[in-house]
1. Identify, please: which residue in region 179-214 is in a strand (DSSP E or B) and crowded, with 17+ Cβ neighbours inside 10 Å and is, among those, nearest to ligand 1 (Cβ to nearest atom)?
2. How do the pairs read when you match residues in region 148-173 that are closer than 30 Å to residue 281 by Cα with residues anywhere that are assigned to a helix (DSSP H, G or I), using Cβ under 8 Å and keeping only pairs 6 or more apart or on different chains?
3. Just checking, how many residues over region 39-80 are within 16 Å of ligand 1 (Cβ to nearest atom), part of a loop (DSSP other than H, G, I, E, B) and within 21 Å of the chain's Cα centre (by Cα)?
4. Select from region 96-127 the residues that are assigned to a loop (DSSP other than H, G, I, E, B), under 32 Å from the mean Cα position of the chain (by Cα) and free of Cβ contacts under 8 Å to residues at least 60 places away in the same chain and list them in ascending order.
5. Could you go through region 279-293 and let me know if any residue there is touching a residue at least 24 places away in the same chain (Cβ under 8 Å) and either under 30 Å from residue 22 (Cβ atoms) or not in a helix (DSSP H, G or I) (or both).
6. Among (1) touching a helix residue (DSSP H, G or I) at 6+ places or on another chain (Cβ under 7 Å); (2) modelled with pLDDT of 95 or more, where does residue 266 come up short?
7. So which residues in region 137-147 are touching a helix residue (DSSP H, G or I) at 6+ places or on another chain (Cβ under 6 Å) and free of Cβ contacts under 8 Å to residues at least 40 places away in the same chain, if there are any at all?
Ligand code: FES
Ligand SMILES: [Fe+2]
């Protein structure tokens, strides 16, 4: 077994304590590259996507000359929102929903509506708070840490392994959302191993050969590969990127999973489905239905695990060197971030 990987699991209290979640927000989510949108969602000037990333309000918007800008979705007057969460389009300026301050698409305060004379008030001091923003193959990432290393460095292992996969050829088709009553780490850890497939996912287990399931760690990316059983269209390459992104690649599409913590004890999964343009509608619907069944199965088991973590019986366990190297690496990184 790899000596670098800790065999013992994180203590149960780290999965429910509010102060641990606050530390994770600051030390993990505010310092990592986070996927928040796809370029095709913000094709024309003024189109935006707003979301909450671990409680941090974020907005990405298409500005002049095609440039994408990212900001905290927080007005500099009294913290109103510039947009409700979701996708939309503004007419040339972002207008605060509270008192109507108007911002240019590059974040400058254009006008403070009916503000009145105020000595020493310089609009130039009240631009939106900008975030680092970079794209990888059409996917838009932000980073709240202005000193963060470039996105390309973080995603280098993913980029190298997916060069042959025509990600740009897939079209954004649908978003679904799942609320799960568990800590975000409970869900991520479940994602990071295929050990549970024969017990939890009967359909998936009939479609892929779980005995040949492989987990390959190329930090900060964890790859899974499961060969399809004969005649099954399922099977593919699943990649997970620190701290909360799943990129599930199949022959006819890609499913992006965003595993957002909502609180210490709740997680929201945002699924973005992309398919090959020529896919038959029936095949697409079948693929989506199969994936939603797998997610419901994962939701049930994760919620049970969370109840048991909270019950005060279990403290720590052991990780399998054969199946759980991804979980082990993830837990080591969480521990390091909390220190
Ligand atoms: S909070 Fe935005 S205009 Fe007042
Ligand atoms: Fe699962």
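1. Among them, the one singled out is 180.
2. Partner pairs satisfying both residue conditions: 159/152; 171/40; 172/40; 172/41; 173/284.
3. So the answer is 2.
4. The answer is 96, 97, 98, 99, 100, 101, 106, 107, 108, 127.
5. Yes: region 279-293 contains one or more residues that are touching a residue at least 24 places away in the same chain (Cβ under 8 Å) and either under 30 Å from residue 22 (Cβ atoms) or not in a helix (DSSP H, G or I) (or both).
6. (1)
7. Selection gives 137 alone.
The values are calculated or read from the model by the stated rules, or taken from the named source; none is laboratory data. Source: prediction; values computed, not measured. Methodologically, a virtual Cβ is constructed for each residue, glycine included, from the backbone with ideal geometry; neighbour enumeration extends over all protein chains shown.
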